[in-house]
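First up is the structure itself, then whatever we jot down about it.
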Amino acid sequence: MNVVVVAGTGTEIGKTFVGAAVIHALREQGHTVIARKPAQSFEETDTSTDASVLGAASGEAAEAVCPKHRWYPVPMAPPMAAVALGRDPFSISDLVLETKRSFTTADVALVETAGGSWSPQASDGLHVGDFAAQLRADAVLLVADAGLGVIHAVRGAAAAFADPPIVFLNRYDSGNGLHVENRAWLAGHDKFTVVTSAAEAAVMLAAI
């Protein structure tokens, strides 16, 4: 099973949208997929969560994607939300162990993290790169906006990981000159592997 961590250059960058689209593409290409969200925080009034969106794509219950005790109905980083709610602290090791224990047989496990690459994922302050390393992920898919500022954002976010991530340019428009130049720079100058569609990402992730 290929384990793929989905990270972002920042919060609200479209990780869940991209993750769900990649899951759909993988399934359309004949692969079995499970989705996991180690911890999620959200507005208490939200009618949809990241886990429910990913679960709808993979055909799993939201509680299978993210264990119920890791649901934090406060819009903060999960370890901060835990404090705000008076809940027990947790470590990166806790999240890694819970995630691994939840794995079922599949071709690809897509694991979406919270916030940006340097955002704290647990009460010990460790970030997405630490989580990916402890999980022994086969690849990291780094979601970034295709527009102005993406080169700076990708360079900063990629530094959180031991190995270069695959960069997914979200909302990429081949008719937009800036998007095209940004993609060319990231691939040519910075030597990142860059994808711009869910189908392209699915082929690459399944082949790792």
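The values are calculated or read from the model by the stated rules, or taken from the named source; none is laboratory data. Keep in mind it's a predicted model, so treat the numbers as computed, not measured. Methodologically, a virtual Cβ is constructed for each residue, glycine included, from the backbone with ideal geometry; neighbour enumeration extends over all protein chains shown. Heads up: the accessible areas ignore ligands, DNA and RNA and are worked out on the full protein's heavy atoms, side chains in. Shrake-Rupley method; radii C 1.70, N 1.55, O 1.52, S 1.80 Å.
Tabulated data for the structure shown
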read-out	value
Conditions (1) surrounded by 14 or more Cβ atoms within 10 Å (Cβ to Cβ); (2) over 24 Å from residue 24 (Cα atoms); number of the one not met by residue 89	(1)
Residue count, region 173-208 (criterion: surrounded by 19 or more Cβ atoms within 10 Å (Cβ to Cβ) and at pLDDT below 95)	0
Within region 112-151, tally of residues that are of a type in the set (Val, Ile, Thr), open to solvent by 10 Å² or more (accessible area, probe 1.4 Å) and in contact (Cβ under 8 Å) with a residue 60 or more places away in the chain	1
Region 1-39, residues that are closer than 26 Å to residue 73 by Cα, of a type in the set (S, T, N, Q) and surrounded by fewer than 23 Cβ atoms within 10 Å (Cβ to Cβ)	11
So residue 119, is it over 24 Å from residue 1 (Cα atoms), at pLDDT 95 or above and either among the hydroxyl-bearing types (Ser, Thr, Tyr) or not in a loop (DSSP other than H, G, I, E, B) (or both)	yes
Unique match (being part of a strand (DSSP E or B) and within 27 Å of residue 164 (Cβ to Cβ)) among 96, 111	111
So residue 57, is it assigned to a helix (DSSP H, G or I), more than 19 Å from residue 119 (Cβ to Cβ), in contact with a His (Cβ under 9 Å, 6 or more places away or on another chain) and of a type outside the set (Asp, Glu)	yes
Residue in region 30-48 that is under 12 Å from the mean Cα position of the chain (by Cα), over 24 Å from residue 123 (Cα atoms) and touching a residue at least 24 places away in the same chain (Cβ under 8 Å) present	no
